[in-house]
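The values are calculated or read from the model by the stated rules, or taken from the named source; none is laboratory data. It should be emphasised that the depicted structure is a prediction, and the values quoted were computed from it without experimental measurement. So basically every Cβ, Gly included, is an ideal-geometry build from the backbone, and we count neighbours across all protein chains shown. With ligands, DNA and RNA removed, areas are computed over all heavy atoms of the protein, side chains included. Shrake-Rupley method; radii C 1.70, N 1.55, O 1.52, S 1.80 Å.
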Amino acid sequence: MKILILGSGGREHSLAWAIKQNPKCDTLLCAPGNAGIAQIAECYSLDIMNAATVIDFVKGQNVDFVIIGPEAPLVADIGGALRRAGVLTFGPDQAAAQLEASKNFTKEVCSDGGIPTAAYAHFTNAEAAKAYVKMQSTPIVIKADGLATGKGVVIATNEATALDAIDAIFAGQFADSAAAVVIEEFMEGEEASLFVLCDGETALPFGTAKDYKRAFNGDRGPNTGGMGAYSPASILDTVTLDKAMKEIVEPTLSVLKERGTPYQGVLYAGLIIKDGNPRLVEYNVRFGDPECQVLMMRLGAQAFDLIEATAHGALANTRVNWADDFAITIVMATKGYPGQYPKGSVIKGLNELPETSKSVCFHAGTTLIDDKLTASGGRVLNVTARADNLEEARILAYSMVERVDWLEGFFRKDIGISAL
Ligand code: GLY
């Protein structure tokens with residue numbers, strides 16, 4: 001098959017790495033890709049937000065299957081447009097992608113499906129939002145309603161922080177998000193991510209992970225897209241996972257189906273678990289980044305069979321074969337991220353890192369300039385390792401991180417510690 005991946009991050013590099021190992025993959029293309037992806041796939045500079053451009057490219061290249069990585073093209077209905085043009089595609093249509101694009105939409109689906117989640121209120125006006133906050137207790141969660149690349153959420157421990165967060169959202173600080181805010185009850189418990197493949201009829205759990213959203217050690221600093229992750233998330237044991245499927249994921253998919261907008265793709269449920277009871281924090285309509293990297297590391301080539309079965313509507317006949325293993329990924333980011341950061345610093349030492357089925361350095365934001373590998377994004381590398389237990393995987397991953405020669409980068413030193 002000729003397969004095209006849309007996207008350019010560590011998530012897409014790990015997808016490319018896993019897919020490339022599958023014998024069904026004859027040719028792998030990626031748009032736009034990055035310097036790491038370019039080592040294993042043909043990369044093309046393409047406006048992946050423009051349906052006509054993507055369809056022309058796909059038809060011109062005789063692509064058999066398109067896998068959409070990030071949320072923005074999904075919300076722009078690139079998935080729907082490709083399917084309408086007769087192209088086999090992985091990823092939901094725009095209508096179902098509202099689960100990520102609009103927190104208010106998700107809350108309405110939760111209400112229709114009786115799904116356990118935080119009490120909330122939605123405002124399009126800052127003064128009304130502030131008046132509401134003043135009547136609530138803290139901590140309280142303030143979320144920009146719209147896409148905010150993981151950064152539009154503030155857990156305010158006092159009223160002043162909550163009011164400042166509302167001002168920041170209405171001042172347009174979260175570039176892609178709409179001028180609206182969702183204010184939520186703070187839910188106590190342990191967070192974990194559940195990934196489920198859905199083909200419109202069948203839902204198949206595809207793995208669990210835990211990510212680290214804060215920038216600095218000890219869960220301090222601003223929220224990021226994710227500074228590291230490991231899989232599996234032990235808190236999502238068989239019983240809790242089953243509960244999350246029955247009480248959260250399956251009712252969500254039923255509501256979408258009843259509304260005439262069935263979900264096809266991977267559904268990423270951010271959960272909070274207390275006393276074995278999962279509640280929904282949020283949905284995303286794509287693989288998590290960097291959670292995808294640990295899932296791909298564990299699944300390898302079979303990930304493609306599952307993704308393809310999803311697009312074909314054939315999940316009922318499919319199962320996931322899990323090894324009894326653990327994977328961990330450490331994100332190396334440019335100093336300054338998630339705020340302002342410089343671009344163009346040179347990274348050395350990657351060629352000396354072992355690349356095996358148990359250790360890979362996925363690229364997130366890299367560009368090759370004059371044959372030098374340079375940092376072109378906030379999150380730049382995802383150093384990923386797999387082993388029979390989390391401790392060994394962690395030692396292997398950090399031993400690789402230490403060998404990366406990049407003064408302008410930083411990383412968290414405590415990824416995975418909480419689970420040991
Ligand atoms: N790691 C969190 C996300 O992908 O949104």
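Find, among the trypsin sites (Lys or Arg not before Pro) in region 1-38, those assigned to loop by DSSP (not H, G, I, E, B) with at most 14 other beta-carbon atoms within 10 angstrom.
On the way: sites: Lys2, Arg11, Lys20, Lys24; in loops: Lys24.
Sparse-neighbourhood loop trypsin sites (Lys or Arg not before Pro): Lys24.
Taking the convex hull of the alpha carbon atoms in region 301-420, what volume per residue do you get, in Å³? Don't skip to the answer; put the middle values down first.
On the way: hull volume 17.8 nm³, N = 120.
Enclosed volume per residue, from the Cα hull, is 149 Å³.
From largest accessible area down, sort Thr252, Thr157; use a 1.4 Å probe on the protein chains.
Values: Thr252 0, Thr157 100 Å².
Final ranking, largest accessible area leading: Thr157, Thr252.
In a GNM of the chain with a 10 Å cut-off on Cα contacts, which of Glu250, Glu408, Glu188 has the highest mean-square fluctuation?
Answer for the Gaussian network model of the chain: Glu188.
Please find, in a Gaussian network model of the chain (springs between Cα atoms separated by less than 10 Å), the residue of Met187, Met332, Met227 whose mean-square fluctuation is greatest.
Met187
In a Debye calculation with equal point scatterers on the alpha-carbon sites of region 1-149 and no solvent, what is log10 I(q)/I(0) at q = 0.12 Å⁻¹?
-0.62
Determine by what factor the alpha-carbon radius of gyration of region 51-136 differs from 2.2 N^0.38 Å, reporting the quotient. Write down the numbers at each step before the final one.
Numbers: Rg = 18.2 Å, N = 86, 2.2 N^0.38 = 12.0 Å.
That ratio works out to 1.53.
Leaving out same-chain residues fewer than 8 places away, which aspartates and glutamates sit with a Cα under 15 Å from that of Lys348?
Here the aspartates and glutamates satisfying the reach criterion relative to Lys348 are Asp370, Asp371, Glu402, Asp405, Glu408.
Among the lysines, select those whose C-alpha is under 18 Å from the C-alpha of Lys24, and discard any that sit fewer than 8 residues away in the same chain.
Straight-line reach from Lys24, under 18 Å: Lys2.
Let me make sure I get this right: for region 108-154, a, b and c are the square roots of the gyration tensor eigenvalues over alpha carbons, sorted descending. Under 1.5 in a/c it's rounded, otherwise prolate if a/b > b/c, else oblate. Which is it?
On the way: a/c = 1.64, a/b = 1.22, b/c = 1.35.
Because a/c hits 1.5 or more and a/b fails to exceed b/c, region 108-154 counts as oblate.
Carbon and sulfur together cover what percent of the accessible area of the chain at a 1.4 Å probe radius?
Working: 8130 of 16650 Å².
Carbon and sulfur together cover 49 percent of it.
So which lysines can Lys134 reach, going by Cα to Cα under 21 Å and dropping same-chain residues fewer than 8 places off?
Cα-Cα hits under 21 Å: Lys143.
Where q = 0.21 Å⁻¹, what log10 of I(q)/I(0) comes from the Debye formula for region 112-226, counting one point per Cα?
The computed values of log10 I(q)/I(0) come out as -1.24.
Gain in length, Ser418 to Glu201, computed as 0.36 nm per residue apart minus the alpha-carbon separation, to one decimal in nm?
74.5 nm
Sum up the charges of everything whose Cβ sits under 12 Å from the Cβ of Ser345, counting Lys and Arg as +1 and Asp and Glu as -1, but leave Ser345 out. List each step's numbers first, then the result.
Values: positive: Lys335, Lys343, Lys348, Lys372; negative: Asp405, Glu408.
The answer is +2.
Can you compute the helix-only [θ] at 222 nm over the chain? Use -39500 (n - 2.57) per DSSP H run of at least 4 residues, normalise by all residues, nearest 500 deg cm²/dmol. Don't skip to the end; give the middle numbers.
Details: 13 runs with 121 residues, N = 420.
Taken over the chain, the calculation gives -8000 deg cm²/dmol.
Against the globular-protein guess of 2.2 N^0.38 Å, express the Cα radius of gyration of region 361-418 as a ratio, rounded to two decimals. Before the final figure, lay out each step's value.
Numbers: Rg = 12.8 Å, N = 58, 2.2 N^0.38 = 10.3 Å.
For region 361-418, the normalised Cα radius of gyration is 1.24.
Restricting attention to region 293-358, which trypsin sites (Lys or Arg not before Pro) occupy a DSSP loop and are surrounded by at most 15 other Cβ atoms within 10 Å? List each step's numbers first, then the result.
Values: sites: Arg298, Arg319, Lys335, Lys343, Lys348, Lys358; in loops: Arg319, Lys335, Lys343, Lys358.
Hits after loop and neighbour filter: Arg319, Lys335, Lys343.
What does the C-alpha gyration tensor say about the overall shape of region 16-58? Classify as rounded when a/c is under 1.5, otherwise prolate if a/b is larger than b/c, or oblate.
Details: a/c = 2.98, a/b = 1.63, b/c = 1.83.
Verdict is oblate for region 16-58.
Given Cα positions, please report Rg to Rh for region 206-352, the hydrodynamic radius being the Kirkwood one.
Values: Rg = 17.6 Å, Rh = 17.5 Å.
In region 206-352, Rg relative to Rh is 1.01.
Restricting things to alpha carbons, tell me how big the chain is in terms of Rg and Dmax, in Å.
20.4, 60
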